[in-house]
Amino acid sequence: MTGRELDLEAILADLSEPLPEGHRSGLVALVGRPNVGKSTLLNRLVGEKVAIVTPVPGTTRNAIRGVVTREDAQVVFLDTPGLAKPKTLLAKRLNALVRDAWSAVDLIVLLIDAADGVGAGDRFLARELVGVGTPVIAVANKIDLLGAPAKMLPVLEAVAALPGEGGAFAEIVPLSAATGDNIDRFLDVLVSHLPEGPRLVSGSQVSDQPEAQLAAELVREQLMAGMSDELPHSIAVTVDGIEPDPDREDLVHIDAIVHVERDSQKGIVIGHKGANLKAAGTAAREELEALLGVRVHLTTHVRVAPSWQRDPRQLGRLGY
């Protein structure tokens, strides 16, 4: 058993604990155009890494759930992929994943990059959200990059105008996911808009993401860190499982497969004398050991899956 695996008896006992009167709980979807800081915000709120973060737009491909539990409330977050122009079947499926999340939550958080300013993508999302019927809280993220406080007011005014005549945001909150500025107030605002109810999951959980998926995402994150702008979108990583060592309780074995679309990409991912793959594997292993609480023996292999982003059968095999 690794450090992240859950004790079923402890979970059931935790869920049966009495809660204070007026306890609130609910599902919250984090929405925004690519690279506005959704994964960074989720990790900041949870206090642990549950979503990968890179400077490459379109990094998130799964609706990862992070959980924040406090005495008076529990908030379960879905970090959804950013909506993008559907140039591939993968992009179409990710867009469908986003819209499914909107219809199944109690609250939507629309993140806007305050430093970058309100753009066409933000206006598109605001229009899309107006007809959903779910309350929306707008977040002006990256306020740490604005510099002078006086620069914040025009940004907030532009955010407030986003929904147009079709609706209005329930709240607008400026914050910095990177530094943690105003995070506590943001969480208080979220809780105030959630319905009263019991905990949805055990208070000891911070995510329901399977360990194999977490391992695959961490390997993909490290590979993307050193790749060109185009190549990361052609990379998928799968892990069949995490096997404990038969002779050592403090060791697990993880076999990761890196899937690319062309032979030329395989060479780039591996690098000269395997340098790229080795560096990514070492960095991912170190993060996994910290998260899982055990030693990790990680092996990585690269395979070519021709045009997998456009092939329904291959997308299914890769978990999309």
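Residues of the stretch 169-187 that are on the phi < 0 side of the Ramachandran plot and out of contact with any strand residue (DSSP E or B) (no Cβ under 9 Å at 6 or more places or on another chain): 179, 183, 184. Residues in the stretch 101-131 that are in a strand (DSSP E or B) and more than 20 Å from residue 26 (Cα to Cα): 112, 113. Restricting attention to the stretch 295-320, the residues being at pLDDT below 85 and either under 16 Å from residue 239 (Cβ atoms) or not small (Gly, Ala, Ser) (or both) number 12.
Residues of the stretch 132-170 being among the charged types (D, E, K, R) and crowded, with 17+ Cβ neighbours inside 10 Å, which ones? Once the filter is applied, which keeps residues that are among the charged types (D, E, K, R) and crowded, with 17+ Cβ neighbours inside 10 Å, the stretch 132-170 yields only 142. Screening residue 100 on (1) under 26 Å from residue 185 (Cα atoms); (2) at pLDDT below 75; (3) among the acidic types (Asp, Glu) shows it passes everything except condition (1).
Given the structure, is residue 247 surrounded by fewer than 18 Cβ atoms within 10 Å (Cβ to Cβ), modelled with pLDDT of 80 or more, of a type outside the set (Gly, Ala, Ser) and in a helix (DSSP H, G or I)?
no
The values are calculated or read from the model by the stated rules, or taken from the named source; none is laboratory data. Predicted model, so just to flag it, every value in this text is computed and none were measured. Positions of Cβ are generated from backbone atoms using ideal geometry, with glycine treated the same way; all protein chains shown enter the neighbour counts.
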